[in-house]
Amino acid sequence: MYFAVLGKNPEISMAELQLVQAKEISYPKKGIVIFDTKYSELLPQLWGIIKAGIVVKEKELQELLADVKIIGIQNEANGKHLKRTVWIRRYKLVDIFHTDREIKTKGKEIINLENGLYGIVEQYQNIELYEAIDFGKPGRSMEMWMMPAKLAHMMINIWLAHFIHDSKLDIEKLCIYDPFAWSWTTWMLANYLGYDSLGSDIKIDYAQQNFERRKTTKFYTPDKEFSIFTHDIKEPLEDQFKDKDVLVITEWRLGPIVTKSTSEQDIQKFQEWVFELYKSFLDRIKELWAIAVFTIPRYLGQDNGIEQVLTKYGTKIWLKIQSISELYSREGQQVARKIMITK
């Protein structure tokens, strides 16, 4: 059995968790899930979760922690208990939803789950990768609404969760395409995960600048194909996707900057603007016969109609669209993200 500490978006994290086809799922504590899987080798690819590892019985801890000099534990009472019962040498109190550098590098983190079961943390989010993608970019603009690297990675996994175990899918032919490339975050993640990728936008200067920087990082995989080209989403695509199974992962701008003082009339105009662009986007998805995972803006505290009109338009052009009800949002922002998936 395995366990995972979910991120601040548990529903999105659970959608991503299906990449490993989790089964026999239980929730011992808030924010923690226990499950079984036959695809444990894919667990390190799940980044909507904060920590993950194996589930063991308390009596197994003594042998498994015999050579560990320090463990991380969540409360004093449990630390003292394990010191008496399994003879741990030293413990340190750590927050279950945060990473302690000393424990990660020099010890082991233990999580008290339920009924004598403990989780031994074996993996943490790769924050270093996110920093390499999101920070210090030479190409950036206030015109952009930058999709977080973590969100882009989760969106890739959500798509793969539906299809990676399908014997008809040729992974070697899979190409991840971002038609709103901007700073080309999606390429970096696709490349790191070992997939070919394509990007396009009406302006590709920022993507090209960021590409030069990112390919100098240790996360760059030079043997995967990638390219970027200029393209207006309102226009048909050329034949860049020959002999490829295309996965579209993208986010357009979430509209102009919105504050608490933005009027309802302006919000309505923004939604109409976004819909018109995404209408063209769905036309391109239909043209490619591709599956897409994308985000749309959700204006907090306002009436929102984009999801409904996009779903209706998708039906009109024979695209089935579903969405994840939980929003991806950040504190202090007036616009959240809604994840949508075409079928």
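Table for the structure above
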{"quantity": "Output for segment 81-96, where each listed residue is surrounded by 12 or more Cβ atoms within 10 Å (Cβ to Cβ), modelled with pLDDT of 90 or more and of a type outside the set (Val, Ile, Thr)", "calculated": "Lys92, Leu93"}
{"quantity": "Residues located in segment 242-274, provided they are among the aromatic types (Phe, Trp, Tyr) and either within 16 Å of Pro179 (Cα to Cα) or not assigned by TED's automatic domain parsing to the domain that holds Ile306 (or both)", "calculated": "Trp252"}
{"quantity": "One residue from Thr186, Thr230, Thr259, Thr221 being touching a helix residue (DSSP H, G or I) at 6+ places or on another chain (Cβ under 6 Å) and surrounded by fewer than 21 Cβ atoms within 10 Å (Cβ to Cβ)", "calculated": "Thr221"}
{"quantity": "Neighbours by Cβ (under 9 Å, 6+ apart or cross-chain): first from segment 310-335, more than 18 Å from Phe294 (Cα to Cα); second of a type in the set (A, V, I, L, M, F, W, C) and not in a helix (DSSP H, G or I)", "calculated": "Gln333/Val258; Gln333/Leu300; Gln334/Ile257; Gln334/Val258; Gln334/Leu300"}
{"quantity": "Meets criteria (touching a Phe, Trp or Tyr at 6+ places or on another chain (Cβ under 6 Å) and either over 24 Å from Asn9 (Cβ atoms) or of a type in the set (Phe, Trp, Tyr) (or both)) for Val293", "calculated": "no"}
{"quantity": "Among (1) surrounded by 22 or more Cβ atoms within 10 Å (Cβ to Cβ); (2) modelled with pLDDT of 90 or more; (3) in contact with a helix residue (DSSP H, G or I) (Cβ under 9 Å, 6 or more places away or on another chain) - the single one Met147 does not satisfy", "calculated": "(2)"}
{"quantity": "Single match in Glu212, Glu251 (criterion: surrounded by fewer than 18 Cβ atoms within 10 Å (Cβ to Cβ), out of contact with any Lys or Arg (no Cβ under 6 Å at 6 or more places or on another chain) and not β-branched (Val, Ile, Thr))", "calculated": "Glu212"}
{"quantity": "Segment 208-220, residues that are closer than 22 Å to Val246 by Cα and either touching an Asp or Glu at 6+ places or on another chain (Cβ under 7 Å) or at pLDDT 85 or above (or both)", "calculated": "Tyr220"}
{"quantity": "Residue identified as of a type in the set (Asp, Glu), at pLDDT 90 or above and under 23 Å from the mean Cα position of the chain (by Cα) among Glu16, Glu60", "calculated": "Glu16"}
{"quantity": "Count of residues meeting criterion [among the polar types (S, T, N, Q), modelled with pLDDT under 90 and either surrounded by 14 or more Cβ atoms within 10 Å (Cβ to Cβ) or touching a Phe, Trp or Tyr at 6+ places or on another chain (Cβ under 9 Å) (or both)] in segment 320-343", "calculated": "2"}
{"quantity": "Residue match in segment 124-137 (condition: at pLDDT 90 or above and either buried (at least 16 other Cβ atoms within 10 Å of the Cβ) or not assigned by TED's automatic domain parsing to the domain that holds Asn210 (or both))", "calculated": "yes"}
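The values are calculated or read from the model by the stated rules, or taken from the named source; none is laboratory data. Just so it is clear, the structure is predicted and the values come from calculations on it, not from any experiment. Quick reminder, even Gly has a Cβ in these numbers, built from the backbone with ideal geometry, and neighbours come from all protein chains shown.
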